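See structure below.
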Amino acid sequence: MDTGPALVSILRQGPYLIASVHTALDDSQMLRFQHDLIHQIGQHRSSGIIIDVAALDVLDSFGSRTLSDIAEIARLRGATTVIVGIQPNVAFALVELGMDARALHTALDLEEGLAYLARLKGPAVPTQSGPTSAP
């Protein structure tokens with residue numbers, strides 16, 4: 001059964017998770033994204049999370065509150081969250097909604113988000129995988 005294109009992708013890069021939101025999510029999809037991302041923080045022992053929202057041209061109050069909740073839950077689990085790619089209209093709407101974004105870490109794009117985490121947490125060193133050989 002074809003379920004269509006992925007709405008969100010979550011990739012691991014060393015100690016970081018990079019979550020890209022590809023399209024606007026309804027409330028139930030947003031909650032599923034939150035659950036999946038928080039689960040993967042523990043599963044991969046991630047110390048940093050980047051949420052890329054560059055594809056979003058709108059973000060409602062529930063979505064913005066959920067992003068704040070994700071950041072707070074991640075912080076409580078030992079991970080720092082950086083939101084990247086916030087479009088100008090979305091930033092304006094967040095201010096208009098009265099969202100206090102001062103507690104959120106933000107960066108212009110993925111590259112700057114990774115640099116920000118590297119300054120806070122140290123560089124993302126890929127974990128060694130694959131077979132090891134004995135001498």
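Overview of results
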| item | result |
| --- | --- |
| Qualifying residue in segment 88-95 (condition: at pLDDT 90 or above, surrounded by 14 or more Cβ atoms within 10 Å (Cβ to Cβ) and of a type in the set (S, T, N, Q)) | no |
| Helices (runs of 4 or more DSSP H) enclosed by segment 1-114 - at least 3 residues per element that are of a type outside the set (Val, Ile, Thr) and in contact with a helix residue (DSSP H, G or I) (Cβ under 7 Å, 6 or more places away or on another chain) | 27-44, 61-76 |
| Failed criterion for Ile86 (all others in (1) free of Cβ contacts under 8 Å to residues at least 24 places away in the same chain; (2) closer than 16 Å to Asp109 by Cα hold) | (1) |
| Contacts under 6 angstrom Cβ, first residue in segment 53-72 being without any contact (Cβ under 8 Å) to a residue 60 or more places away in the chain, partner among the acidic types (Asp, Glu) and surrounded by fewer than 21 Cβ atoms within 10 Å (Cβ to Cβ), 6 or more apart | Phe62/Asp27 |
| Segment 107-121 - residue that is free of Cβ contacts under 8 Å to residues at least 60 places away in the same chain and surrounded by fewer than 17 Cβ atoms within 10 Å (Cβ to Cβ) and, of those, nearest to the chain's Cα centre (by Cα) | Asp109 |
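The values are calculated or read from the model by the stated rules, or taken from the named source; none is laboratory data. Remember, it's a predicted structure, so these values are computed and weren't measured experimentally. Backbone-built Cβ (ideal geometry, glycine too); neighbour counts: all protein chains shown.
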